[in-house]
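Here is the structure we will look at, set down as structure tokens.
The values are calculated or read from the model by the stated rules, or taken from the named source; none is laboratory data. Keep in mind it's a predicted model, so treat the numbers as computed, not measured. Backbone-built Cβ (ideal geometry, glycine too); neighbour counts: all protein chains shown. For the accessible areas, the whole protein counts, side chains as well, though only heavy atoms, and no ligand, DNA or RNA atoms are used. Shrake-Rupley method; radii C 1.70, N 1.55, O 1.52, S 1.80 Å.
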Amino acid sequence: MYKDVFNAWLENRKLNEKEIKELNGIADDEKEIEYRFGKDLEFGTAGMRGLIGLGTNMMNLYTVKRATQGLAEYIKTLGNKAMARGVVISYDTRRMSEEFAYAAANVLVSNGIKAYLFDEVHPVPMLSFAVRELKTVAGIMITASHNPKEYNGYKVYGEDGAQMSPEATDKVVKFIEEVGDPLSDKVLCDDKAAKKILKVPKSVDRKYYKIIRKLSLSPKEVKAVGKQIKLVYTPVHGSGYIPVTTILKKMGISATLVPEQTQKDTEFSTVEVPNPEYKETLTLGIKMADFKGADVVFGTDPDCDRLGVVIRDDKGEFLALSGNQIGALLLDYVLSRLQDSGKLNSKGFVVKSFVSTSMAKLIADAYGVELIETPVGFKFIGEKIKQLDDTGLRTFIFGFEESCGYLRGTHCRDKDAVVASMLFAEMVCYYTYNNVSVYGKLQELYAHYGFVLDQSVSVAYSGLNAMKEMSAVVDKIKTITLTDIGGKKVVATRDYSKLERKLADGTVEKIDCAKANAVYYELEGGSFICIRPSGTEPKLKVYYSVKSADRDIARQDFDALKSAFEELIK
């Protein structure tokens, strides 16, 4: 079957000479043909993401146009007003990002739908903001986030600026399936219609900066030390360069840039992977920090929705903070500054994904603020903002995920590393003014709340059936009743596919949350283990959050839990 599809593509007149040459290059590679043409690239609630290349299971101009045609058909069902409101499109610095963005815009206008296109790379948060500001019915972001250079992706946003809801996504998927093959004549893409593509007004950028600057919590301290502190920032060749440096300049905070990584580079040639969660990705920043005598290095990924940070410890060595540690530091900073200024709203709430650190609950409780948990995926945090803040019932304060995603403010509904960079830099100013280091503050949190070791372990899968195989492991786990893991008692088991929480005594409670294919074990002492298949890459993810008296005991407990749980899922 896949060989027939491959041959049909080879014979299709829509392909140019370069594309025909690419397919001829794999003509004798049965496994490669099967991977590329054995199925369609999956379009889920996170859009689609895959390797760049020709094939139905790959990211290319044809699969991008097919997905956009499906989106266009969905928008048509919403009526003429929705078509007139249109779609805004942005893209990052990856291979083919600009070409994919232009192709998507062309399909939309060819279908009679208004399309706005940024004339330069812009990050995820500014796309989300533009959807809300321009009042479009949807948004498209071309990016594969922090994936290796060989990947690209396609995210769709709803009119609220959050990633499209599962219900709407299901409808779009049906229309995409009706299009059929990506080379189908059902895909409308008329080059003559391209002149109808509109540029996103520059006023959108200006308003974004104006709004997020108002999120500042320590203007006095920034004014006092902002020009003197030593920070190093790297956009890792991505879309964060202009927005992050712009907002820091507007606030009066100095930061030294890593010059080799300010340039747009589709190959991300200075790093192995453009993921600032990894200390290795910030190596050049660390070298610059040593040269400048800086204590903090921070970086953003290609679409600038994730923030990674490295700080000096009390021995002068650089320590890479986890997404959970950054989240705990920012959460405590935001809540403490609001409390100090008398602005901590009694109706305020914070949100985290249920796999993120258990320390967040301890911090939120200490400030008398409600903590809400959601499944993995920032769209669920955006959904809580829509349900509670937009309706006036509550006030959103802060949200984060362990995967280095953070949001303060309601200007956008996705991870915002521009705001996170601004907040972290401001936090450094505040603690510097008060003669405290970021490392010192982290140790204060551990001393006050107890040590929490958070670590995730990924098991990589490959092949066409990777997602099915991962899901099968999780489904099997659901059939096993566990009372003890690695010497720790299981207090309760949460099955997020059923939205049920089963206590050790057999009592079953309902979970008020969106469904997810995940199993979560609440352990004695406030620790937890959670297992789930990744929704964006072929990895089975296991999350451990271990609360203990100190670091050494936490490490021992983690080793015991990890050993026992890995034996279980073999």
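In segment 534-570, the residue that is nearest to residue 322 (Cα to Cα) out of those that are open to solvent by less than 20 Å² (accessible area, probe 1.4 Å) and under 19 Å from the mean Cα position of the chain (by Cα) is 543. Among the residues of segment 105-129, the ones that are under 22 Å from the mean Cα position of the chain (by Cα) and farther than 20 Å from residue 160 by Cα come to 2 in all.
Considered as a group, the residues in segment 297-332 that are open to solvent by 10 Å² or more (accessible area, probe 1.4 Å) and within 17 Å of residue 232 (Cα to Cα) include one that is nearest to the chain's Cα centre (by Cα), and that residue is 306.
Under the condition of being crowded, with 22+ Cβ neighbours inside 10 Å and small (Gly, Ala, Ser), the residues counted in segment 407-437 number 4.
Taking residue 440, is it surrounded by 17 or more Cβ atoms within 10 Å (Cβ to Cβ), of a type outside the set (Lys, Arg) and either at pLDDT 95 or above or closer than 14 Å to residue 329 by Cα (or both)? First the steps, then the outcome.
Working: surrounded by 17 or more Cβ atoms within 10 Å (Cβ to Cβ): no; of a type outside the set (Lys, Arg): yes; either at pLDDT 95 or above or closer than 14 Å to residue 329 by Cα (or both): yes.
No.
Consider segment 224-238 and keep the residues that are of a type outside the set (S, T, N, Q) and over 23 Å from the mean Cα position of the chain (by Cα). The one that is most open to solvent (accessible area, probe 1.4 Å) is 227.
Give segment 263-291 a look and list any residue that's part of a loop (DSSP other than H, G, I, E, B) and either among the charged types (D, E, K, R) or touching a Pro at 6+ places or on another chain (Cβ under 7 Å) (or both), or say none.
Of segment 263-291, the ones part of a loop (DSSP other than H, G, I, E, B) are 263-278.
Answer for segment 263-291, where residues must be part of a loop (DSSP other than H, G, I, E, B) and either among the charged types (D, E, K, R) or touching a Pro at 6+ places or on another chain (Cβ under 7 Å) (or both): 264, 265, 267, 268, 272, 273, 274, 277.
Yes/no per residue for (1) in contact with a helix residue (DSSP H, G or I) (Cβ under 7 Å, 6 or more places away or on another chain); (2) buried (at least 22 other Cβ atoms within 10 Å of the Cβ):
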site	(1), (2)
10	yes, no
18	no, no
33	yes, no
36	no, yes
62	no, yes
66	yes, yes
71	yes, yes
84	no, no
91	yes, yes
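So that you can scan it fast, the table gives a plain yes or no per residue for (1) buried (at least 16 other Cβ atoms within 10 Å of the Cβ); (2) under 25 Å from residue 73 (Cβ atoms):
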site	(1), (2)
173	yes, yes
183	yes, yes
213	no, no
222	yes, no
240	yes, no
247	yes, no
258	yes, no
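Residue-level check: of (1) out of contact with any strand residue (DSSP E or B) (no Cβ under 9 Å at 6 or more places or on another chain); (2) open to solvent by 30 Å² or more (accessible area, probe 1.4 Å); (3) among the aliphatic types (A, V, I, L, M), residue 198 misses just (1). Taking the condition of being among the β-branched types (Val, Ile, Thr) and open to solvent by 40 Å² or more (accessible area, probe 1.4 Å), how many residues in segment 501-533 meet it? Looking only at that region, the number is 2. Per the listing 308, 327, the residue uniquely in contact with a Pro (Cβ under 7 Å, 6 or more places away or on another chain), touching a residue at least 60 places away in the same chain (Cβ under 8 Å) and not in a loop (DSSP other than H, G, I, E, B) is 308.
Can you tell me which residue among 488, 498, 478 is surrounded by 13 or more Cβ atoms within 10 Å (Cβ to Cβ), more than 19 Å from residue 563 (Cβ to Cβ) and in contact (Cβ under 8 Å) with a residue 40 or more places away in the chain? So that I can check it myself, show each step before the final result.
Working: 488 fails: more than 19 Å from residue 563 (Cβ to Cβ); 498 fails: in contact (Cβ under 8 Å) with a residue 40 or more places away in the chain.
Unique residue meeting the criteria: 478.
Looking at the structure I just gave you, is residue 409 touching a residue at least 60 places away in the same chain (Cβ under 8 Å) and on the phi > 0 side of the Ramachandran plot?
Against the criterion (touching a residue at least 60 places away in the same chain (Cβ under 8 Å) and on the phi > 0 side of the Ramachandran plot), residue 409 qualifies.
Within segment 353-389, the residues that satisfy the criterion of being closer than 15 Å to residue 328 by Cα, in a helix (DSSP H, G or I) and open to solvent by 30 Å² or more (accessible area, probe 1.4 Å) are 361, 362, 365, 366. Scanning segment 260-296 for residues that are farther than 14 Å from residue 421 by Cβ, in contact (Cβ under 8 Å) with a residue 40 or more places away in the chain and open to solvent by less than 20 Å² (accessible area, probe 1.4 Å) yields 268, 274, 275, 281, 289, 294. Of the residues making up segment 38-47, at least one is surrounded by fewer than 20 Cβ atoms within 10 Å (Cβ to Cβ), among the basic types (Lys, Arg) and not in a helix (DSSP H, G or I). In the condition set (1) of a type outside the set (Ser, Thr, Tyr); (2) within 21 Å of residue 357 (Cα to Cα); (3) at pLDDT below 95, residue 491 is compliant with all but (3).
Criterion applied to 449, 433 was being at pLDDT 95 or above, more than 24 Å from the chain's Cα centre (by Cα) and under 30 Å from residue 295 (Cα atoms), and the one residue passing it is 433. Taking first residues from segment 40-51 that are touching a residue at least 24 places away in the same chain (Cβ under 8 Å) and among the basic types (Lys, Arg) and partners that are surrounded by 22 or more Cβ atoms within 10 Å (Cβ to Cβ) and part of a loop (DSSP other than H, G, I, E, B), the Cβ contacts under 8 Å between residues at least 6 apart in sequence or on separate chains come to 49/144; 49/145.
Does segment 245-262 include one or more residues that are within 19 Å of the chain's Cα centre (by Cα), within 30 Å of residue 95 (Cβ to Cβ) and not in a loop (DSSP other than H, G, I, E, B)?
Kept after step one, since they are within 19 Å of the chain's Cα centre (by Cα), are these residues of segment 245-262: none.
No: zero hits.
Answer yes if at least one residue in segment 395-402 is hydroxyl-bearing (Ser, Thr, Tyr), outside any strand (DSSP E or B) and either touching a Gly at 6+ places or on another chain (Cβ under 6 Å) or under 20 Å from residue 512 (Cβ atoms) (or both), and no otherwise. No: zero hits.
Any idea which of 157, 151 is out of contact with any helix residue (DSSP H, G or I) (no Cβ under 6 Å at 6 or more places or on another chain) and in contact (Cβ under 8 Å) with a residue 60 or more places away in the chain?
Numbers: 157 fails: out of contact with any helix residue (DSSP H, G or I) (no Cβ under 6 Å at 6 or more places or on another chain).
Unique residue meeting the criteria: 151.
Screening residue 470 on (1) over 26 Å from residue 148 (Cα atoms); (2) in contact (Cβ under 8 Å) with a residue 24 or more places away in the chain shows it passes everything except condition (1).
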